[in-house]
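Colleague: Can you read through this structure? Questions will come right after.
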Amino acid sequence: MTDVSLLVEWESVRGAEYYMLTYHPKFDEGAMEQVQIPNSENSYLITGLTPGVTYIVQVYAVIKKIQSEADMIEATT
């Protein structure tokens, strides 16, 4: 069985201090993973995903410690 990866890309947000990316299997929020990404990046490769599972991926820009509205992506591996 092989792990699956997923490349997530987003629009850069002016003034973002960093981005916060979270992901979890659609029906298992308890398995949520969270990644902090530098503001110089606008993509992230999520690795180690389970094949055949739908994941909910959300990306937030953080400005002055306030999270923006999340862009939500549903992706099936």
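Colleague: Quote the charge dipole size of the chain about the Cα centre in Debye, to the nearest 20; the model charges only the Cβ of Lys and Arg (+1) and of Asp and Glu (-1). Working shown, then result.
Modeller: Working: 4 positive and 11 negative charges, 42 e Å.
My answer is approximately 200 debye.
Colleague: For residue 20, what accessible area in Å² do you get when you roll a 1.4 Å probe over the heavy atoms of the protein chains, rounding to the nearest 10?
Modeller: 20 Å²
Colleague: Direction-averaged shadow area of the convex hull around the Cα atoms of the chain, nm²? Intermediate results must be reported in sequence, preceding the final value.
Modeller: Numbers: hull surface 20.2 nm².
If I average the Cα hull's projected area over directions, I get 5.1 nm².
Colleague: Would you work out which of 31, 13, 56 lies farthest towards the positive end of the dipole of the chain, given +1 charges on the beta-carbon of Lys and Arg and -1 on that of Asp and Glu, about the Cα centre?
Modeller: The residue sitting farthest along the positive end of the dipole is 13.
Colleague: Per residue of segment 35-40, what does 6.51 cos²θ - 1.76 cosθ + 1.60 with θ = phi - 60° give for ³J(HN,Hα)? Whole Hz please, x for Gly and Pro, Karplus curve as stated.
Modeller: For segment 35-40, the Karplus-derived couplings read 10, 9, 10, x, 5, 7 Hz, x marking Gly and Pro.
Colleague: Can you list the chymotrypsin sites (Phe, Trp or Tyr not before Pro) in the chain that are in a DSSP coil and have 16 or fewer other beta carbons within 10 angstrom?
Modeller: On the way: sites: 10, 18, 19, 23, 27, 44, 55, 60; in loops: 10, 27.
Qualifying residues, ordered by number: 27.
The values are calculated or read from the model by the stated rules, or taken from the named source; none is laboratory data. Treat the numbers as computed from the prediction; the structure is a model and nothing was measured. Don't worry about glycine lacking a Cβ; one is built from the backbone with ideal geometry, like all the others, and counts go over all protein chains shown. In case anyone asks, the SASA skips ligands and DNA or RNA and just uses the protein heavy atoms, side chains included. Shrake-Rupley method; radii C 1.70, N 1.55, O 1.52, S 1.80 Å.
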